[in-house]
Amino acid sequence: MDLGIKGKRALVCASSKGLGRGCAEALAEAGVDLVMNARGAEALEATAEAIRATHGANVTTIAADITSEDGRAAVLEAAGDLDILVTNAGGPPPGMWTDWSRDDFIKALDANMLTPIALMKATLPGMMKRGWGRVVNITSVSVKSPVPVLGLSNSARAGLTGYVAGTARQVAHTGVVINNLLPGIHATDRAISLDKGAAETQGITPEQAKANREATIPVRRYGTSEEFGQTCAFMCSQHAGFMIGQNILLDGGAVNTTL
Ligand code: NAP
């Protein structure tokens, strides 16, 4: 399918690995020019080079912490005028409700709620003026169905979801489309580290922890970054113009709900 976005310019945050990389790859395949970001310069440059080689894409890299004000300013300056914004950052650490202090919440809110909001605030006016834009926020299945050990994530991402629900409807008439993409369990470094944590807590091997989690998913496997990226690219495409303020769940059927 022609996604109709060849020549558009996208910022994909936190994209040297995992789900962000999957989104960058799929957008590059659709002919989009990329601005890619991560903190570690080496992995970021290696991924950018691989994407240039595979897709012939124009890729600008900017190594910075997207959750810091200075990092965001550097990324936005390098990005210039954007048509597409994919927000993403590392998720908060797991723990128990008894562990988390006010500072832990502020950190999670900064990274997973206020950072995407700041990025949208900075980029929406240009998209609205030009009459076309797409924003996909990578959030989490935890918005629909809480993951008890990820209370910081459950809280911060719920806040972002509320913000998007209203804002998407305020800007829709200008041709700007904002939606959230909710990953269930995907085979990335993040999933491996959560398996390791679960293994330590439960006194089992990481392989057993993975098998236990796979057994809870109707498709009996973790999702892939490629599948996730292709869905993101569709949500950034010309064809997604009537999809406003939605929360698209990619979880292999793990959340057991009818709607
Ligand atoms: P990942 O495999 O750990 O990759 C994270 C990517 O983000 C890396 O490129 C990393 O590079 C970059 N990054 C992390 N923090 C950053 C920051 N502050 N500034 C800029 N770049 C940053 O993670 P993932 O599995 O793709 O997950 C992406 C998001 O989806 C996370 O928020 C995660 O909580 C959420 N999620 C994932 C799953 C899953 O199963 N994978 C499920 C639900 C939700 P550097 O470290 O070099 O910065």
Going by the conditions given, is Val75 within 26 Å of Ile106 (Cα to Cα) and either open to solvent by less than 10 Å² (accessible area, probe 1.4 Å) or not in a strand (DSSP E or B) (or both)? yes
Filter the range 78-89 down to residues that are surrounded by 17 or more Cβ atoms within 10 Å (Cβ to Cβ) and either in a loop (DSSP other than H, G, I, E, B) or within 13 Å of the ligand (Cβ to nearest atom) (or both), then give me how many there are. 6
Of the residues in the range 214-224, those that are closer than 11 Å to His186 by Cα and open to solvent by 60 Å² or more (accessible area, probe 1.4 Å) come to Arg221
Consider Ile5 against the criteria (1) assigned to a helix (DSSP H, G or I); (2) β-branched (Val, Ile, Thr); (3) more than 15 Å from the ligand (Cβ to nearest atom): it satisfies all of them except one. Which criterion is unmet? (1)
Tally of residues being touching a residue at least 40 places away in the same chain (Cβ under 8 Å) and either within 16 Å of Thr216 (Cβ to Cβ) or open to solvent by 10 Å² or more (accessible area, probe 1.4 Å) (or both) across the range 172-187: 7
When Ile66 is run through (1) crowded, with 23+ Cβ neighbours inside 10 Å; (2) among the β-branched types (Val, Ile, Thr); (3) over 27 Å from Lys196 (Cα atoms), the failure sits at (3)
Would you be able to say whether some residue in the range 215-235 is under 20 Å from the mean Cα position of the chain (by Cα) and on the phi > 0 side of the Ramachandran plot? no
Look at Val147 and say whether it is at negative phi and within 11 Å of the ligand (Cβ to nearest atom). yes
Where in the range 161-259 are the helices (runs of 4 or more DSSP H), entirely inside, with at least 3 residues that are modelled with pLDDT of 95 or more? 206-215, 225-235
Among the residues of the range 188-204, write down those that are open to solvent by less than 50 Å² (accessible area, probe 1.4 Å) and of a type outside the set (Val, Ile, Thr). Ala191, Leu194, Asp195, Gly197, Ala198, Ala199
Taking the condition of being open to solvent by 30 Å² or more (accessible area, probe 1.4 Å), in a helix (DSSP H, G or I) and within 14 Å of the ligand (Cβ to nearest atom), how many residues in the range 20-60 meet it? 8
Of the residues that make up the range 127-134, is at least one away from the ligand (no atom under 16 Å from the Cβ), touching a helix residue (DSSP H, G or I) at 6+ places or on another chain (Cβ under 7 Å) and farther than 17 Å from Val12 by Cα? yes
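For (1) modelled with pLDDT under 95; (2) open to solvent by less than 70 Å² (accessible area, probe 1.4 Å); (3) part of a helix (DSSP H, G or I), each residue gets a yes or a no:
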| residue | (1), (2), (3) |
| --- | --- |
| Pro93 | yes, no, no |
| Asp103 | no, no, yes |
| Lys107 | no, no, yes |
| Ala111 | no, yes, yes |
| Pro116 | no, yes, yes |
| Lys121 | no, no, yes |
| Leu124 | no, yes, yes |
| Asn137 | no, yes, no |
| Leu150 | yes, yes, yes |
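The values are calculated or read from the model by the stated rules, or taken from the named source; none is laboratory data. Model, not experiment: these values are computed from the prediction. A quick note on method: Cβ atoms are made from the backbone with ideal geometry, for glycine too, and the neighbour counts reach across all protein chains shown. For the accessible areas, the whole protein counts, side chains as well, though only heavy atoms, and no ligand, DNA or RNA atoms are used. Shrake-Rupley method; radii C 1.70, N 1.55, O 1.52, S 1.80 Å.
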